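The values are calculated or read from the model by the stated rules, or taken from the named source; none is laboratory data. Owing to the predicted nature of the structure, the values given are computational and were not obtained by experimental measurement. Note: ideal-geometry Cβ built from the backbone for every residue, glycine included; neighbour counts use all protein chains shown.
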Amino acid sequence: MSGFSNKTILITGSTSGLGKALAIGFSRLGAKLILFARNNEKLEKLKLELENANQHIYVIVDIASPKSIQDTFEKLNKKRKYIDLLINSAGSWFPKVTFEEMSDEQIIELVQTNTQGTMLVTKHALSFLKKSSDARVINILSASALSSNFHAVSTVAFAASKWALAGFTETLNEELKEQKIALTNLFPGGFANESSLDTSTEEMKNEYPNMMSLKELFESVVFIASRSYDSNIRSLVIDNR
Ligand SMILES: NC(=O)c1ccc[n+]([C@@H]2O[C@H](COP(=O)([O-])OP(=O)(O)OC[C@H]3O[C@@H](n4cnc5c(N)ncnc54)[C@H](OP(=O)(O)O)[C@@H]3O)[C@@H](O)[C@H]2O)c1
C-alpha cells in the first residue's frame, strides 16, 4: 500500500486511545475512514478532530455482540464497496488480579470483545477486503501475548484473549494467500492511551514514564500498512524500555 489518499480504512475502537489516534492520523493522510465505536457522544467529539469529517462513515456497534456486527456490515454494504485496510484496535482490559479473582463476567467480556469480536469483524470485512487490489488487516495485540514477555499489568485472561488472536492472524494469513490479503500482528508494550497523537515519547516522559507515545505507535502502523503484499510484516513487537 503506497500513500493513503482515498484509501478506505476501517478502524474499530476509534473513540479512544490508539484507535482514536489512528483515526485522526489517517484522516490527516487523506484516507476515507469507516469508524466503529460504541459511544455516540465520544464519536461526535472525535468528528471535531478529524480532517474531512464529512467524507467518513461513523458506525455505532458493540463488537461483543455478533448480531450488532452482522447488522452493521449489512448496512455498510449500501455505503461502501470495498475496504483497503482493517485495523482491529477495539479491546477490553481489566487491572491485574489473579485468574481466580476475576469474575466469570470479566473473563467472558475479554474473550467476547478481544477475541470473538475481532474474529467476527474480520470475517464480515473479508468480502469488502477482497474487492480491494491492496488489502491488509492489522490486529492490535499486546506484548503480554508473547511467551517471553508476560506483561506485569495484564491478567491471564487478557493475555489469553490476545494470544488466541495471534494464532487467528497467523492461520488466516495462510488461508488468504490466494486472495493476496496481508495480515499483521502488532504486539505493543504499554502506551499512554490518553496522550495526544502530536506528543512525542520524549515530551511525555515525565507524565508517563516507560510508556510509548501514540505518535510512535501511529508511525509504526503507517510503516506496516505501507509495505507491499510481497514484503508483508507478519508480526511486529514494540517493547517498552
Ligand atoms: N494501552 C496499552 O498500554 C495497551 C498495551 C498493549 C495493547 N493494547 C491494545 O491496544 C488496543 C487499543 O488500546 P487502548 O489502550 O488505546 O484502548 P482504550 O483507550 O481502552 O480504547 C478501547 C476502545 O475499544 C472500544 N471498545 C471496547 N469494547 C468494545 C466493544 N464491545 N464494542 C465496540 N468497541 C469497544 C472502546 O469503546 P468505548 O470508548 O465505548 O469504551 C474504545 O474506543 C486494545 O486492543 C488494547 O488491548 C493496549
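General observations
- F223 among the aromatic types (F, W, Y), surrounded by fewer than 16 Cβ atoms within 10 Å (Cβ to Cβ) and over 26 Å from S65 (Cβ atoms): yes
- Filtering A157, A90, A143 for residues that are more than 22 Å from R38 (Cα to Cα), near the ligand (Cβ under 10 Å from one of its atoms) and of a type outside the set (S, T, N, Q) leaves a single hit, A143.
- Taken over region 28-84, the criterion of being under 16 Å from the mean Cα position of the chain (by Cα) and closer than 18 Å to L126 by Cβ is satisfied by I34, F36, V59, V61, I63, I69, I83, D84.
- Region 206-220, residues that are surrounded by 13 or more Cβ atoms within 10 Å (Cβ to Cβ) and not in a helix (DSSP H, G or I): Y208, M211, M212, S213
- Each residue in region 56-72 was checked for being more than 14 Å from the ligand (Cβ to nearest atom) and buried (at least 18 other Cβ atoms within 10 Å of the Cβ), and 1 of them qualify.
- Hey, A53 of a type in the set (A, V, I, L, M), surrounded by fewer than 18 Cβ atoms within 10 Å (Cβ to Cβ) and modelled with pLDDT of 95 or more or not: yes
- Some residue of region 94-114 being surrounded by 22 or more Cβ atoms within 10 Å (Cβ to Cβ) and more than 9 Å from the ligand (Cβ to nearest atom): yes
- Residue satisfying all of: in region 174-188; surrounded by fewer than 19 Cβ atoms within 10 Å (Cβ to Cβ) and on the phi < 0 side of the Ramachandran plot; farthest from the ligand (Cβ to nearest atom) among these: E178
- Residue list for region 15-26, restricted to those being touching a strand residue (DSSP E or B) at 6+ places or on another chain (Cβ under 6 Å) and either aliphatic (A, V, I, L, M) or more than 6 Å from the ligand (Cβ to nearest atom) (or both): L22, A23, F26
- Selected residue (only one of R241, R234 is modelled with pLDDT of 95 or more and basic (K, R)): R234
- Positions within region 29-38 being within 13 Å of the ligand (Cβ to nearest atom) and under 24 Å from K215 (Cβ atoms), in sequence order: L35, F36, A37
- Within region 84-120, the residues that satisfy the criterion of being aliphatic (A, V, I, L, M) and at pLDDT 95 or above are L85, L86, I87, A90, M102, I107, I108, L110, V111, M119, L120.
- When we screen K123, K81, K47, K131 for residues that are closer than 18 Å to N173 by Cβ, surrounded by fewer than 17 Cβ atoms within 10 Å (Cβ to Cβ) and either modelled with pLDDT under 95 or more than 10 Å from the ligand (Cβ to nearest atom) (or both), the only hit is K123.
- For region 129-141, residues that are assigned to a loop (DSSP other than H, G, I, E, B) and closer than 24 Å to G17 by Cα total 1.
- Among residues of region 142-192, those that are touching a residue at least 12 places away in the same chain (Cβ under 8 Å), closer than 18 Å to T98 by Cα and either among the polar types (S, T, N, Q) or assigned to a loop (DSSP other than H, G, I, E, B) (or both), counted: 8
- Selection status of L197, touching a strand residue (DSSP E or B) at 6+ places or on another chain (Cβ under 7 Å) and within 26 Å of V153 (Cβ to Cβ): no
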